[in-house]
Structure formats: C-alpha cells, structure tokens
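Asker: I'd like to ask some things about the structure below.
The values are calculated or read from the model by the stated rules, or taken from the named source; none is laboratory data. The model shown is predicted, which means the values in this text are computed figures rather than measured ones. We place every Cβ from the backbone using ideal geometry, glycine too, and count neighbours over all the protein chains shown.
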Amino acid sequence: MVRRRGHVIAWGFTLVELIAVLILLGILSFVALPRLQQTAGFDQLGFHDRVGAALRFAQKSAVAQRRLVCATVAPDRLALSVATAFGDIACANPMAGPAGANPAALAPSAAATLSAAPAGPLYFQPAGTVTSDGAGANPTDFVLSVTGQAPITVRGVTGLVD
C-alpha cells in the first residue's frame, strides 16, 4: 500500500482478473499437458541415435584395436563385445559403448524397439568390413530398424554406418 496525501492506494488484482487467469491456465494445461507426456517419438529418436553411434564406435574400435568386435541386437538393446586377441573368431569380452555404458544402447521404453535384417550378430572385422560370421568370409549388408525411425544401414564391404 502507498499513502498519498491522506488517500490509500492499493495495488493488486481484482477477483475477476484472478479468475480469468486461472481459467486461462486451466485451458492451457488441458491442451499442453497431454502433448508433453507423449515422449515416444523422442525416445525412439534418441534410441536410434545411440544405436547408430554404437555401431560406428564398434567399426572404429575393430580397426583401431585390430580385433573382432561383435554387435548383438536384441529388441531393447544393442550390446558390444570384443575378441581377446587378433585372429580370434569369437567375441569373449563385454565392451562398453561410446558413452561408456554396457550395453552400448538401451531402449528407454517399450515404444522403441530394435531389429536387424539379416538376423544375428554383426561382426566388425579388424580390416573394417562387416560380416555375418566371425571368420570374416562373407561381407554382409545389415539393415537395423528402430520403431518409427529411418533404417540404419551398415555396408558390409566398407563398414560404413548410414
């Protein structure tokens, strides 16, 4: 309150103004809140990006370490493992992904699922190729799909992850 020459002047809101603001807030929350709770698209996009990063990391690690790196695909995760020594045709040791987590990529919700065609692990060879077998005899192109997102293509001959 402020006093001026014997008059009291009060600052504030009238009851009508307060009710109008509350009604507007109610309408906005009714419209906006359901949209904020629908995060499935963001979950799928985030999982897609983590899978792509993990596959690129696997290919680069195979070449840098001169060891076989295996990527195992499950509906809710992508796990990496690495061979013990150069020349091994099986991956025995779990390997952390690019962010240090194992599994390398984990789906945040059931709305994001992962599949690979052809099915089975991806074998990133020390030479940079990607095969469907640990011996590295047959370079194979793989297509990984995350629900609601563009497919991730892994080129067998070059190891390129698109």
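Asker: When the residues of the range 62-80 are filtered to those that are out of contact with any Leu (no Cβ under 8 Å at 6 or more places or on another chain) and not β-branched (Val, Ile, Thr), which remaining residue is nearest to Gly46 (Cα to Cα)? Step through it out loud before you land on a result.
Answerer: If we filter the range 62-80 for residues that are out of contact with any Leu (no Cβ under 8 Å at 6 or more places or on another chain), which is where we start, we get 63-68, 79-80.
Retained after the next criterion (residues that are not β-branched (Val, Ile, Thr)): 64-68, 79-80.
Numbers: Ala64: 27, Gln65: 28, Arg66: 30, Arg67: 29, Leu68: 27, Ala79: 16, Leu80: 18 Å.
Of everything passing the filter in the range 62-80, Ala79 is nearest to Gly46 (Cα to Cα).
Asker: With the requirement that a residue be of a type in the set (Val, Ile, Thr), surrounded by 13 or more Cβ atoms within 10 Å (Cβ to Cβ) and free of Cβ contacts under 8 Å to residues at least 24 places away in the same chain, what does the range 47-87 give you? Give the derivation first.
Answerer: Taking the range 47-87 and keeping what is of a type in the set (Val, Ile, Thr), we get 51, 63, 69, 72-73, 82, 84.
Now narrow it down to the ones that are surrounded by 13 or more Cβ atoms within 10 Å (Cβ to Cβ): 51, 63, 69, 72-73, 82.
The one that is of a type in the set (Val, Ile, Thr), surrounded by 13 or more Cβ atoms within 10 Å (Cβ to Cβ) and free of Cβ contacts under 8 Å to residues at least 24 places away in the same chain: Val82.
Asker: Provide a single number: the residues in the range 146-155 that are at pLDDT below 95 and not aliphatic (A, V, I, L, M).
Answerer: 3
Asker: So, in the range 116-162, of the ones that are touching a Leu at 6+ places or on another chain (Cβ under 7 Å) and assigned to a loop (DSSP other than H, G, I, E, B), which residue ends up surrounded by the most Cβ atoms within 10 Å (Cβ to Cβ)?
Answerer: The extreme case among them is Gln125.
Asker: Turning to a different aspect of this structure: Yes or no: the range 60-67 includes at least one residue that is within 19 Å of Leu144 (Cα to Cα), at pLDDT 95 or above and under 26 Å from the mean Cα position of the chain (by Cα). Lay out the reasoning, then the answer.
Answerer: From the range 60-67, those within 19 Å of Leu144 (Cα to Cα) are 60; that's our starting set.
Next, only the ones that are at pLDDT 95 or above stay: 60.
Filter again for under 26 Å from the mean Cα position of the chain (by Cα), leaving 60.
Yes, some residue in the range 60-67 is within 19 Å of Leu144 (Cα to Cα), at pLDDT 95 or above and under 26 Å from the mean Cα position of the chain (by Cα).
Asker: For Thr113, indicate whether it is in contact with an Asp or Glu (Cβ under 6 Å, 6 or more places away or on another chain), polar (S, T, N, Q) and surrounded by fewer than 18 Cβ atoms within 10 Å (Cβ to Cβ). Walk me through it before giving the result.
Answerer: Details: in contact with an Asp or Glu (Cβ under 6 Å, 6 or more places away or on another chain): no; polar (S, T, N, Q): yes; surrounded by fewer than 18 Cβ atoms within 10 Å (Cβ to Cβ): yes.
So Thr113 fails the test.
Asker: Under 7 Å between Cβ atoms, at least 6 apart or on separate chains: pull out the pairs that start in the range 88-101 with a residue that is in a loop (DSSP other than H, G, I, E, B) and end on any residue that is of a type in the set (Val, Ile, Thr).
Answerer: That search, which allows pairs on different chains as well, returns Cys91/Val69; Cys91/Val82; Ala92/Thr84.
Asker: Could you please find all residues in the range 39-62 being aromatic (Phe, Trp, Tyr) and under 14 Å from Ala107 (Cβ atoms)?
Answerer: Step one: of the range 39-62, the residues aromatic (Phe, Trp, Tyr) are 42, 47, 57.
Within the range 39-62, Phe42, Phe47 meet the criteria.
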